[in-house]
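Undergrad: First the structure, then my questions, so here it is.
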Amino acid sequence: MAHEYARSTTLRTPLGRARGLGAAKSGMHHWWTQRVTSAALLPLTLWFVLSAASLAGAGHAATVEWIARPWNAVLLLATIGLTFHHTASGLQVIIEDYVRQEWVKITAILVTKAICVVLALAAALAVLRIAV
Amino acid sequence: MSRKQDAREAIMVGHRSDGSAVQRPLSPHLQVYDMLQMTSALSISGRITGVVWVGGVLFMVWWLLAAASGADAFGAVQWFASSVIGVIFLFGLTAAAWFHTLNGVRHLAWDAGYGYDIPSTYRSGRWVLVGTALATAATWILATGAWLT
């Protein structure tokens, strides 16, 4: 099944190129945004986990007062957005790795993204309601 | 397809972009890789702890929503967090979160090009495990101290 192509510098078939940019289907974007969100989440998550640990047993009023402080609210919103983006991307690669049927894979990825968006909005709304 | 030489080849079936079958290793890898090695074991653990942390994220959302809803809803969160199941859940979550974070830093170092050789990989893997244990203990000492005061 040998074919001669005008450009022999690439091993890609024209159909392969047309079908979606290789296995990753969108180049470097997913990989890079995972690294960016990981790097950003490193300080944010450390801050959140240590803050939440120090709030253990603090009671409702103290917790609300802590969330209401502008700097905490801003960092919480950043944490929520980045966490759900990182989570949705991470779950997407897991689904892509282990789910074989195309339609089940696509559906699972879309449902995961949808749930992450809704939960992120709900959490952000909660923070805004307390802090605004 | 030609006669299979090895049972592991049964899952090595992929497709080229024109649809023809090709034999190459694919996920899942769990049936093939020796999981008692530092490399493969920490790799799959990084993925597993990420999924476990999704449970933690859900708890965080519940905590925030309850704080915004009022003292009753927040009381439910605090009841869960101080129950036996809750403490076990949060402790496991802390350990998983620290492992995922430290292993993530290890990955970022690899992405930057550092530490690819086997001795470095094993050393960084050991540091991740030790760091996870220490950080989990430190977090829980902090939380217990805050809870008691």
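Undergrad: Looking only at the range A:120-132, which residues are in a helix (DSSP H, G or I) and among the β-branched types (Val, Ile, Thr)?
TA: A:Val127, A:Ile130
Undergrad: Starting from residues that are not basic (Lys, Arg) and not in a helix (DSSP H, G or I), keep the ones in the range A:86-119 and report whichever is farthest from B:Val54 (Cα to Cα).
TA: Across the range A:86-119, the extreme among qualifying residues is A:Gln101.
Undergrad: Shifting gears a bit: For the range A:67-85, what are the residues that are more than 9 Å from every other protein chain (Cβ to nearest Cβ) and assigned to a helix (DSSP H, G or I)?
TA: A:Ala68, A:Pro70, A:Trp71, A:Asn72, A:Ala73, A:Val74, A:Leu75, A:Leu77, A:Ala78, A:Gly81, A:Leu82, A:His85
Undergrad: Residues B:Gly92, B:Gly104: which one is more than 9 Å from chain A (Cβ to nearest Cβ) and either under 22 Å from the mean Cα position of the chain (by Cα) or touching a residue at least 12 places away in the same chain (Cβ under 8 Å) (or both)?
TA: Among B:Gly92, B:Gly104, only B:Gly92 is more than 9 Å from chain A (Cβ to nearest Cβ) and either under 22 Å from the mean Cα position of the chain (by Cα) or touching a residue at least 12 places away in the same chain (Cβ under 8 Å) (or both).
Undergrad: When the residues of the range A:86-102 are filtered to those that are over 30 Å from A:Ile130 (Cα atoms) and of a type in the set (S, T, N, Q), which remaining residue is nearest to the other protein chains (Cβ to nearest Cβ)?
TA: It comes out as A:Gln92.
Undergrad: Of these, A:Ser38, A:Ser51, which one is surrounded by 19 or more Cβ atoms within 10 Å (Cβ to Cβ) and either closer than 22 Å to B:Arg106 by Cα or more than 8 Å from chain B (Cβ to nearest Cβ) (or both)?
TA: A:Ser38
Undergrad: Got at least one residue in the range A:15-24 being at pLDDT 90 or above and more than 7 Å from chain B (Cβ to nearest Cβ)?
TA: No, there is no match, as no residue in the range A:15-24 is at pLDDT 90 or above and more than 7 Å from chain B (Cβ to nearest Cβ).
Undergrad: Could I ask something else about it? Give me the pairs, please: first residue somewhere in the range B:27-38 and modelled with pLDDT of 65 or more, second residue anywhere and of a type in the set (Lys, Arg), beta-carbon distance under 8 Å, and either six or more positions apart or on two chains.
TA: Correct list of pairs: B:Gln31/B:Arg8; B:Val32/B:Arg8; B:Met38/B:Arg126.
Undergrad: If you don't mind, there's one more thing I want to ask. Run down B:Thr136, B:Thr121, B:Thr101 and say which single residue is in contact with a Phe, Trp or Tyr (Cβ under 8 Å, 6 or more places away or on another chain), surrounded by 14 or more Cβ atoms within 10 Å (Cβ to Cβ) and not basic (Lys, Arg).
TA: From the options B:Thr136, B:Thr121, B:Thr101, the qualifying one is B:Thr136.
Undergrad: A follow-up question, please. Please tell me if B:Ser69 is of a type in the set (S, T, N, Q), facing chain A (nearest Cβ under 10 Å) and over 30 Å from A:Ile95 (Cα atoms).
TA: The answer is yes for B:Ser69.
Undergrad: Which one of A:Lys105, A:Lys113 is in contact with a helix residue (DSSP H, G or I) (Cβ under 8 Å, 6 or more places away or on another chain), among the basic types (Lys, Arg) and within 25 Å of B:Thr101 (Cα to Cα)?
TA: When all the criteria are applied, what remains is A:Lys113.
Undergrad: Before we move on, is A:Thr112 in contact with a Phe, Trp or Tyr (Cβ under 7 Å, 6 or more places away or on another chain), facing chain B (nearest Cβ under 10 Å) and modelled with pLDDT of 95 or more?
TA: no
The values are calculated or read from the model by the stated rules, or taken from the named source; none is laboratory data. All of these numbers come straight from a predicted model, not from anything done at the bench. A quick note on method: Cβ atoms are made from the backbone with ideal geometry, for glycine too, and the neighbour counts reach across all protein chains shown.
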